[in-house]
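Before any comments, here is the structure.
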Protein chains: 2
Amino acid sequence: MSTKPSINAVAHQAGVSIATVSRVLTGSKPVSAETRLRVQAAVQALGYRANPFGRGLSTGRSGVLLMLVPDFANPYYAEIVRGAVSVARQRGYTVLPVDLEGSANNEASLQVLQSGLPDGVINLVPVHERAAWAKAAEGRPWVHCSEFQPDEMSIPHVSIDHRQAATDAVQYLLNRGHRRIALVNSDERFLYARQRREGYELALRRADIAVETGRIRTTGTNSYAAGSLAAAALLSLVTPPTAVFAVSDTLAIGVIKGLRRAGRRVPEDTAVVGFDDVPIAEVFEPALTTVGQPMQDLGAAAVVMLLGQMEGQIVGHRILPHRLVVRESA
Amino acid sequence: MSTKPSINAVAHQAGVSIATVSRVLTGSKPVSAETRLRVQAAVQALGYRANPFGRGLSTGRSGVLLMLVPDFANPYYAEIVRGAVSVARQRGYTVLPVDLEGSANNEASLQVLQSGLPDGVINLVPVHERAAWAKAAEGRPWVHCSEFQPDEMSIPHVSIDHRQAATDAVQYLLNRGHRRIALVNSDERFLYARQRREGYELALRRADIAVETGRIRTTGTNSYAAGSLAAAALLSLVTPPTAVFAVSDTLAIGVIKGLRRAGRRVPEDTAVVGFDDVPIAEVFEPALTTVGQPMQDLGAAAVVMLLGQMEGQIVGHRILPHRLVVRESA
DNA sequence: ATGAAAGCGCTAACAT
DNA sequence: ATGTTAGCGCTTTCAT
């Protein structure tokens, strides 16, 4: 009663061998309807659950999917995790999200990865920090999520088209009549940052507008303060921009605060477009016009692809659609 | 080379028995310096990591701590998780945070719990939803975090003193000269909500101010919209309040938006105090005056208590300090 | 369709 | 201090 029942107890109670119990549990081989019922009754009666260690030792699989998350506190990642969890559980898998806390936690997470416990890994770590993980994950099934680059084509990935998304955002500002459009970028070590910059420049060139380096601010970090600083710098230009495209909602909010501190109204004096559509985006005043990513879908697709890969399929790559969410700030 | 090396391979390579390898790995028994070195060299050379299933099957422990999280997307919980993860890893444990997504995910999470995989569980689920979990966790080491109630004294818990915190918030408003202070509460099924209401009433009574039920709004949910609605209701009173204590920053922001929509200035016309000190609190304009909880410490303490319990200690309960963070909104 | 038995990789009790 | 060995609980041949 007190100690957890093993497969032996179930077999005994049902009057069958442990092999038969295993068969009805896993459905690996046919079992006569009658015995199946008996076994199921015994399982029920004893409250039996297969011991994950025994099963794992035998099958070599744990049903655990490791998810490398750069930052739990960032709602962008939180949503991706949520999407992943929800499809994983439908397929009988548990996702183990580990918070890398901006690399502080690498060592411990590496251990988890190398322990062999996870059956596969979903990677949210940006391209430029992947090297260490790539080595540790060697041989294991894994997929990249949210960023990708051409030279990694061998590893399945799912992402939006960051370049196109940026082009769309800037095009929107162009359509609204803006000609002096600034870019507030985060850190160009991030692939997405480089791709969004490309998209920004592409949109301008298509409109026959010269790309002025003075209108491109690279903050190095993704904080409110950095956005405010960038705004101040842009306002000190001889001809300040009439619109700003910031590569994250965080930066966008910082930019707006900076603009307002300098007496500018948003969007009347300066329009601002953000990126990500995090929850604050619609609560902040003015509500942010921003580019939304299908976060949950990204996570879900990553799991589907990972499981496919584990089953030996060739899964390839996926690009998911983004969308421009027009609110008040531009 | 290609397949993962087992303890046998290490033993062979080092010219010792597998028991000796196990001993140097676990440090369970003394091993001569010389052999230890040989074994360690072999481990190194082969890149060996103990198979978690084998070890788990043998020891009955996984090194995994389950953490029941009501909502990943809520930064309040995200911070608690972070605190827990950080001390868990120092102690060689992995925390497995599962997102309950407002109960949507209960079934799957219950499975994880019942699988027997986790060595212990940290519970962030509010008191009134604990029943199902309590049954499933029976016998297993577990601790409650962030809420507690007297009749659960048998289970170790860590929390702030919600009642005292509310009293402090209201006292602050009293000190600023406010007499008509409203309470915007979330859902009194939550223990913290009831306790904060108690604290609110206590502070008023101490100041010889009658508690007027018209000034207490219970929203039922914890959304911006609910806060705005509550604000509108309060403004329709014959004598509207000059200050509002909202039991979460989310509600507080909603209240502020509602007040402004009605033409009130914050804090000049109506002061607002929130609760939690989530990241948005200091970014929103006006920046929120709010009660901060030591989220990371809560998570850390929970892990320490859980591990203590697992080692057979009597761990008791802990109340951590809160603090009033004064900014602009009150 | 079912049972018997051989592992899976490890730890721990028992020898030596 | 070290080796031998019996499990831990399960899945999976191999028989029947």
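Just so it is clear, none of the values below were taken in a lab; they were calculated from the coordinates. The model shown is predicted, which means the values in this text are computed figures rather than measured ones. Counting neighbours? That spans all protein chains shown, and the Cβs are built from the backbone with ideal geometry, glycine included.
At-a-glance table
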read-out: Mean-position separation - Cα centroids, the range B:293-328 and the range A:241-265, in angstrom; value: 39
read-out: Of all DSSP beta bridges in the range A:162-292, antiparallel share, percent nearest 5; value: 0
read-out: Shape category assigned to the range B:261-319 from the gyration tensor of Cα positions, a/c cut at 1.5; value: prolate
read-out: Whole-Hz couplings from phi, Karplus 6.51/-1.76/1.60, listed for the range B:275-281; x for Gly and Pro; value: 8, 2, 6, 6, x, 4, 3
read-out: Chain A - mean residue ellipticity at 222 nm from DSSP helices (-39,500 (n - 2.57) per run, n ≥ 4, rounded to 500); value: -13500 deg cm²/dmol
read-out: The protein assembly as shown shape via C-alpha gyration tensor axes, a/c threshold 1.5; value: oblate
read-out: Gyration tensor (alpha-carbon) shape descriptor, the range B:97-206, a/c threshold 1.5; value: prolate
read-out: Cleavage-rule hits (GluC sites (Glu not before Pro)) in the range A:273-330: DSSP loop, at most 11 neighbouring Cβ within 10 angstrom; value: A:Glu311
read-out: All lysines inside 18 Å of B:Lys4 as judged from Cα atoms, apart from same-chain residues fewer than 8 positions distant; value: A:Lys135
read-out: The range B:40-56 versus the range A:1-69: alpha-carbon centroid distance in Å; value: 28
read-out: For B:Val211, label point 7 Å along C-beta direction: distances to other copies, nm; value: 6.4
read-out: At 7 Å out from Cα toward Cβ: A:Ile319 inter-copy label distances (nm, ascending); value: 5.9
read-out: Surface/4 of the Cα convex hull for the range A:162-292, nm²; value: 6.8
read-out: DSSP bridge orientation in the protein assembly as shown - percent antiparallel, rounded to nearest 5; value: 10
read-out: Whole-angstrom Cα spans of the range B:7-50 along principal axes, big to small; value: 23, 19, 15
read-out: Inter-centroid distance (Cα atoms) of the range B:72-144 relative to the range A:127-181, Å; value: 33
read-out: Mean projected area in nm² (Cα convex hull; one quarter of hull surface) for the range A:37-135; value: 8.1
read-out: Using a 7 Å Cα-to-Cβ projection, A:Gly27 label spacings across copies, nm, ascending; value: 4.6
read-out: Table column - 3J(HN,Hα) (Hz), the range B:308-324, Karplus curve with 6.51, -1.76, 1.60, x for Gly and Pro; value: x, 4, 5, 8, x, 6, 8, 9, x, 10, 9, 10, 9, x, 9, 8, 8
read-out: Counted charge near B:Ile7, where neighbours are those whose Cβ lies closer than 14 Å (Asp, Glu -1; Lys, Arg +1); value: +4
read-out: Dimensionless Rg ratio for the range B:126-190, taking C-alpha atoms and the 2.2 N^0.38 Å reference; value: 1.51
read-out: Calculated from backbone phi, Karplus (6.51, -1.76, 1.60) coupling profile of the range A:285-298 in Hz, x at Gly/Pro; value: 10, x, 4, 7, 7, 7, 9, x, 9, x, 4, 4, 5, 4
read-out: Nonlocal amide H pairs with A:Val244, under 5 Å, H built at 1.01 Å; value: A:Ala182, A:Ala271, A:Val272, A:Val273
read-out: Stokes-Einstein D (µm²/s) once Rh is taken as the Kirkwood radius of chain B over alpha-carbon pairs, at 25 °C in 0.890 mPa s; value: 110
read-out: Hits among aspartates and glutamates - C-alpha to C-alpha of A:Lys257 under 13 Å, sequence gap 8 or more where chains match; value: A:Asp249, A:Glu285, B:Glu282, B:Glu285
read-out: Beta bridge orientation in chain B: antiparallel %, DSSP, nearest 5; value: 10
